[in-house]
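As structure tokens, the structure follows; a few thoughts come after it.
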Amino acid sequence: MTENAPIALVTGANRGIGLEVARQLAQKGITVYLGARDLEKGRAAAQALAAEGLSIIPCQLDVTRPQDIEQVVSQIEQAHGRLDILINNAGILYDTWQTAATADLAVVQEALETNTFGPWRTSQAFIPLLKHSPHGRIVNVSSGAGSLQDMGGSTPAYSVSKVALNALTRMLAINLQSSGILVNAVCPGWVATDMGGSGGRPVAEGAASVLWAALLPEGGPTGGFFRDGRPVAW
């Protein structure tokens, strides 16, 4: 670990896009805290990246559990005194079997708890440490399913949770503008992961879209919704 290296936290990072985002950040010399609901899976993922010579620290982080978040805040604060990059990636329930008209609202509530309230509570908890960074960045990993312009009638739990995440992004960006923290939502595109299924773009390409927002220069955009560095319609 390089003493003055930037510090990043990626939630939901033991597989898929989160794991690749952690890899790509670490490849740029950033010290990455790899958050995972299952600590053993997080350790296995971190060990694989560490074998590539990357600086990865696994941590137990279920974004629906405030006590997990508080523990990681304390860990990073004691070790570094700041956080430079927060990637809110953890997400669940691409509910293709549902429609809005007949949706099980318990499933919708479960999706909101992880996909919307998870990033909300995680961002709130880490804002003090992000304010100690000279270039704080929050990236909310969203989806084209959260675009009202292209909204259909399926995946209601997932889609509504991502619409709400996009709204949160806009509000946090305004709230934090004076602090220099840039807050953006990113759609990584349809990516070939466990959630996305086969046939999507390579995971590395989706992760690169997220990295673009994580590494924005001073004066970069804030409060936007992007894919591959280009605006996506709300």
Original post:
With region 1-91 as the region, which strands (runs of 3 or more DSSP E) entirely inside it contain at least 2 residues that are closer than 30 Å to residue 160 by Cβ and touching a Cys at 6+ places or on another chain (Cβ under 8 Å)?
Top reply: 31-36
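One line per residue, one yes/no per condition, for (1) among the small types (Gly, Ala, Ser); (2) crowded, with 17+ Cβ neighbours inside 10 Å; (3) at positive phi; (4) assigned to a helix (DSSP H, G or I):
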site	(1), (2), (3), (4)
129	no, yes, no, yes
151	no, no, no, no
160	no, yes, no, yes
165	no, yes, no, yes
169	no, yes, no, yes
176	no, yes, no, yes
183	no, yes, no, no
Original post:
Among 73, 10, 63, which is touching a strand residue (DSSP E or B) at 6+ places or on another chain (Cβ under 7 Å) and in contact (Cβ under 8 Å) with a residue 12 or more places away in the chain?
Top reply: 10
**OP:** Give me a count of the residues in region 131-148 that are assigned to a loop (DSSP other than H, G, I, E, B) and either closer than 21 Å to residue 191 by Cβ or small (Gly, Ala, Ser) (or both).
**Re:** 5
**OP:** Among residues belonging to region 97-134 that are closer than 14 Å to residue 11 by Cβ and of a type in the set (S, T, N, Q), point out the one that is farthest from the chain's Cα centre (by Cα).
**Re:** 124
Original post:
Do you know which residues across region 96-123 are part of a loop (DSSP other than H, G, I, E, B) and within 11 Å of residue 165 (Cβ to Cβ)?
Top reply: 116
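Each reported figure results from applying straightforward, stated rules to the coordinates on display, with no laboratory input. The structure presented is a predicted model; accordingly, all values stated were derived computationally and were not measured. Positions of Cβ are generated from backbone atoms using ideal geometry, with glycine treated the same way; all protein chains shown enter the neighbour counts.
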